[in-house]
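Notes for the one structure printed next.
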Amino acid sequence: LWLLVPLVAFGTSGFAPVYQGWLGELTRATDATQKLVHPILISLDKAAVHLFGDGTSGAKALALGVMALWALLGLAGAALSSRTRGRDPFAVLAHVSLLVIGPSAVNPYLEAYHLVPLMIPAVLLAVAALNADVPVRTRAVAVIAFAVAVLVVKFSGPWPLRGLLVNVQALVLCAGALWAAHARTAEPHAPTEPRRGWLARLFARPAMMKG
């Protein structure tokens with residue numbers, strides 16, 4: 001498909017120039033000498049260097065600290081995944097979003113559009129907050145996590161700090177969705193029959209399973 005689609009779309013005469021232009025952009029974007037000053041990149045490394053300076057222990061500590069948080073969240077996700085019973089689409093999407101977003105967030109060549117998958121945990125938190133079948137505490141945590149994630153970027157600082165801010169946002173969204181995926185099935189809750197929209201029904205709290 002990488003060869004067929006460009007050939008069909010641009011023809012034999014346009015195929016080579018399109019790929020040459022794309023390779024040129026890729027080369028410039030991944031140039032190690034430019035990754036900290038490239039205007040499009042919003043990497044964690046770039047934010048750390050902006051705060052503490054290039055090659056400083058503070059910059060390294062910040063980058064490694066955020067990576068450690070992602071590693072801990074990944075381990076927590078693996079532990080919760082092993083305890084998940086049944087086929088809960090909410091939990092599946094929460095775990096998949098963590099697997100996709102975590103590596104992208106710490107990518108040294110991160111660009112803003114790479115984090116489009118953040119919509120997944122954001123929607124999951126919104127569903128948990130609006131679903132009356134979900135325990136009140138879980139709904140409250142979902143609302144708080146969603147609000148914090150929005151405020152982090154809404155009141156963001158200088159552009160060079162964007163890499164740190166989007167990592168905070170991504171960690172909050174992924175952790176909140178992961179926690180909600182587990183808590184909505186783990187907490188006792190009296191059954192009710194509220195009116196729900198199709199999205200809430202899709203991610204409705206599954207019935208408790210007996211061991």
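Rounded to the nearest whole Hz, the Karplus-based 3J(HN,Hα) values (6.51 cos²θ - 1.76 cosθ + 1.60, θ = phi - 60°) of region 33-38 follow the sequence 7, 10, 5, 8, 10, 4, with x at glycine and proline.
Can you give the relative contact order of region 17-107 as a percent, counting alpha carbon pairs under 8 Å and 6+ residues apart? Display every interim value, and only then the final one.
Numbers: 39 pairs, mean separation 20.7, N = 91.
Relative CO of region 17-107 lands at 23 percent.
Given R0 = 30 Å, the distance between the Cβ atoms of Glu111 and Thr12 translates into a calculated FRET efficiency of 0.45.
Among 171-182, 5-16, 128-139, 47-58, the peptide with the highest mean count of other Cβ atoms within 10 Å heads the list, and the full ranking is 171-182, 128-139, 47-58, 5-16. At the listed q of 0.12, 0.17, 0.21 Å⁻¹, the Debye profile of region 1-121, built from one uniform point per Cα, gives log10 I(q)/I(0) equal to -0.67, -0.96, -1.12.
In the neighborhood of Ala147, defined by Cβ-to-Cβ distances under 13 Å, what is the net charge if each Lys or Arg adds +1 and each Asp or Glu adds -1? Before the final figure, lay out each step's value.
Working: positive: Arg139, Lys154; negative: none.
Residues near Ala147 contribute +2 overall.
The HN-Hα couplings worked out from phi for region 64-78 by the Karplus form 6.51 cos²θ - 1.76 cosθ + 1.60 (θ = phi - 60°) are 5, x, 5, 4, 5, 4, 5, 5, 5, 5, x, 5, 4, x, 5 Hz, whole numbers, x standing for Gly and Pro.
Distance between the C-alpha centres of region 41-119 and region 159-173: 10 Å, rounded to the whole angstrom.
FYI, it's all coordinate maths here, none of it is from the lab. The model shown is predicted, which means the values in this text are computed figures rather than measured ones. Please note: Cβ atoms are built from the backbone with ideal geometry, for glycine as well, and neighbour counts cover all protein chains shown.
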